[in-house]
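Enquirer: Can you read through this structure? Questions will come right after.
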Amino acid sequence: MKLLTCPLNGTRPISEFFYGGEVRAMPDPDTCTDTEWSAYVFNRSGVAAVKCEWWCHGPSGVWFLAERDTTTDTVLRTYLAPSAATRR
Amino acid sequence: MPWRLLKFALKSKHPEPRMFTAHSELKESYDAVIIGGGGHGLAAAYYLARDHGITNVAVIEKDYLGGGNTARNTTIIRSNYLTPEGVRFYDESVRLWQDLSQDFDLNLFYSTRGHYTLAHTDSAVRTMRWRAEVNKHFGINSELVDAQAVQRALPMMDITCAGHAPILGALYHAPGAIARHDAVAWGYGRGADRRGVEIHQQTEVLGIETDASGSRVAGVLTNRGHIATRKVLCAVAGSTPRLLSMVGLESPISIHPLQAMVSEPVKPWLDPIIVSGSLHVYVSQTARGELVMGASLDPYELHSTRSTLDFAESLAAHMLDLFPFLSDVKVVRQWAGMADMTPDFAPIMGKTPIEGFYLDAGWGTWGFKATPVSGKTMSYTLANDRPHPLIEGFSLDRFRRYELTGEKGAASVGH
Ligand SMILES: Cc1cc2nc3c(=O)[nH]c(=O)nc-3n(C[C@H](O)[C@H](O)[C@H](O)COP(=O)(O)OP(=O)(O)OC[C@H]3O[C@@H](n4cnc5c(N)ncnc54)[C@H](O)[C@@H]3O)c2cc1C
């Protein structure tokens, strides 16, 4: 992967972006157990797959989602997170 | 030598013993199965046989021996870590390295060079001072030296780094060393083989079986058939998440490529190993004269050993900041390995919630130096079903207990 397409700024060199990790559901900190919370904080789905990830276009500060195959490093699509898009 | 080679080639029978015995069949069962024929798996097999008398063991390697990160690393060996558990552990490894060549009757080209970690900022100087004090407390040869001392030791280095990152001092670690990585795998492999351990290359583990309760190891499924066993050691570095998923375990490990490159051979001019966290460079010169260079980890998860031009360009630029006279020297090769990274830059070793499933992983960018001590402590853990005292702080369980180690500061640049 040398280029990535920001949903707002278009296709840019990968050096303009940074990686924010896989999108994960946060358990409710008020009701979950310590073990559930530590699993959320530390554990990752380490196995290679097509993953939905947070990426950020650094110069413009736009956060968006990318579906990326972590074996081949190919991006299937990028889009704004639904909630972020409506807030904008 | 050519005459001896010719005679050897013309003989119909080859008298030289092969490095390892080739086994055409897998046995139905073994006392222990080690998954992964890298340095760590082979070292564990070696010490299981040598120190614990457990020889009915199979090492299962999907590819060829030492073809994983063992043969891809930049071979830096040191013990100047930041935490007491790290320092004790890596110091024991440095001690074990000293007579390995003798043990194996194989030259590992273990070469003590001295190791400079350069500080370009006040905060880096502070961390170096901290590390030096922790190190000295544990009897490790480690000290903070000032910029003049660095310049005296390395007159060919531009200690201003072209004016934009002047070197203020360095952590100097005299025992810092490099070694020949392939020979480490072969030495441990041959030693284990001679003691009765079976090494099966080109054999991939496809599944791990547990008993009816799901909490105890019962066997291993490979592309060459099924093996029954009650003990499995998983030492697969970059493939750890996949193996863990076979027994339903989660972990904080994520896989990032770590790249490296090597220059054409030049006359010997660089004796010590040089590391700069700020410039993302580490470099040493091999006995053959090549400069072996590495930088920091690729910034996002990827299960691949591809190389990038970005990496070569930025590493070359930083090398030239330190050593401008290298501008005519050519890079001849670059490659990558898959580093199994943990959030606290310490390994994950020992027992797991699955009885009989032992883990030696989370070696990220720093595991080559630990090959001897991890083999030693994991073989103890397997033989006694109890973690070796040196690895108690590295259990998988530490994350559940929020008891991470504080090693991050000492390993910010990959090795
Ligand atoms: C570029 C680079 C530079 C580095 N530099 C340094 C350094 O300077 N100093 C340092 O201390 N460390 C360094 N490291 C880290 C070090 O190389 C590793 O931590 C160490 O070699 C890990 O050894 P290992 O035996 O655990 O893993 P590996 O050597 O990777 O062995 C694991 C083996 O498991 C096999 N395997 C995987 N899945 C299966 C399966 N399903 N069935 C059967 N076999 C399987 C693989 O084929 C592989 O051979 C570096 C790493 C890289 C990539």
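Enquirer: Part of a strand (DSSP E or B) and within 14 Å of chain A (Cβ to nearest Cβ): which single residue out of B:His256, B:His303, B:His226 fits that description?
Expert: From the options B:His256, B:His303, B:His226, the qualifying one is B:His256.
Enquirer: Go through (1) over 18 Å from the mean Cα position of the chain (by Cα); (2) on the phi > 0 side of the Ramachandran plot; (3) within 7 Å of the ligand (Cβ to nearest atom) one by one and return the number of the condition B:Gly114 breaks.
Expert: Here B:Gly114 clears every test but (3).
Per-residue answers, yes or no, for (1) free of Cβ contacts under 8 Å to residues at least 12 places away in the same chain; (2) within 16 Å of the ligand (Cβ to nearest atom); (3) touching a Cys at 6+ places or on another chain (Cβ under 9 Å):
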site	(1), (2), (3)
B:Pro155	yes, no, no
B:Leu168	no, no, no
B:Ala174	no, no, no
B:Ile178	no, yes, no
B:Asp182	no, yes, no
B:Ala192	no, yes, no
B:Gln202	no, yes, no
B:Ile208	no, yes, yes
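Enquirer: Among what's in the range B:336-365 and is of a type in the set (A, V, I, L, M, F, W, C) and open to solvent by 10 Å² or more (accessible area, probe 1.4 Å), pick the residue that is nearest to the ligand (Cβ to nearest atom). Before the answer, list the steps.
Expert: So in the range B:336-365, the residues of a type in the set (A, V, I, L, M, F, W, C) come out as B:336, B:338-339, B:341, B:345-346, B:348-349, B:354, B:357, B:359, B:361, B:363.
Among the residues that remain, those that are also open to solvent by 10 Å² or more (accessible area, probe 1.4 Å) are: B:338, B:341, B:345, B:354, B:363.
Numbers: B:Met338: 7, B:Met341: 10, B:Phe345: 12, B:Ile354: 16, B:Trp363: 3 Å.
The qualifying residue nearest to the ligand (Cβ to nearest atom) is B:Trp363.
Enquirer: Against the definition (polar (S, T, N, Q) and more than 14 Å from chain A (Cβ to nearest Cβ)), how does B:Ser278 come out, yes or no?
Expert: Yes, satisfied.
Enquirer: Then there is this: Kindly indicate which of B:Thr286, B:Thr222 is in the same structural domain as B:His120 (by TED's automatic domain parsing) and either of a type in the set (D, E, K, R) or on the phi < 0 side of the Ramachandran plot (or both).
Expert: B:Thr286
Enquirer: Can you tell me how many residues in the range A:32-61 are under 16 Å from the mean Cα position of the chain (by Cα), aromatic (Phe, Trp, Tyr) and within 9 Å of chain B (Cβ to nearest Cβ)?
Expert: Residues flagged as under 16 Å from the mean Cα position of the chain (by Cα), aromatic (Phe, Trp, Tyr) and within 9 Å of chain B (Cβ to nearest Cβ) within the range A:32-61 amount to 1.
Enquirer: Moving on to the next point. Need pairs with beta-carbon distance below 9 Å; first residue surrounded by 12 or more Cβ atoms within 10 Å (Cβ to Cβ) and within the range B:313-335, second among the basic types (Lys, Arg); sequence gap 6+ or separate chains.
Expert: B:Trp335/B:Arg72
Enquirer: Kindly indicate which of B:Thr229, B:Thr240 is of a type in the set (S, T, N, Q), modelled with pLDDT of 95 or more and away from the ligand (no atom under 13 Å from the Cβ).
Expert: Just a single option satisfies the conditions, and that option is B:Thr229.
Enquirer: Now for a separate question. Report whether or not B:Gly67 is away from the ligand (no atom under 13 Å from the Cβ), in the same structural domain as B:Thr203 (by TED's automatic domain parsing) and free of Cβ contacts under 8 Å to residues at least 60 places away in the same chain.
Expert: So B:Gly67 does not fit the description; no.
Enquirer: Take B:Glu250 and tell me if it is in contact with a helix residue (DSSP H, G or I) (Cβ under 7 Å, 6 or more places away or on another chain) and free of Cβ contacts under 8 Å to residues at least 24 places away in the same chain. Break it down stepwise before answering.
Expert: Details: in contact with a helix residue (DSSP H, G or I) (Cβ under 7 Å, 6 or more places away or on another chain): yes; free of Cβ contacts under 8 Å to residues at least 24 places away in the same chain: yes.
So B:Glu250 passes the test.
The values are calculated or read from the model by the stated rules, or taken from the named source; none is laboratory data. Model, not experiment: these values are computed from the prediction. With ideal geometry, Cβ positions are generated from the backbone for all residues, glycine too; neighbour counts draw on all protein chains shown. All accessible areas refer to the heavy atoms of the entire protein, side chains included, with ligands and DNA or RNA removed. Shrake-Rupley method; radii C 1.70, N 1.55, O 1.52, S 1.80 Å.
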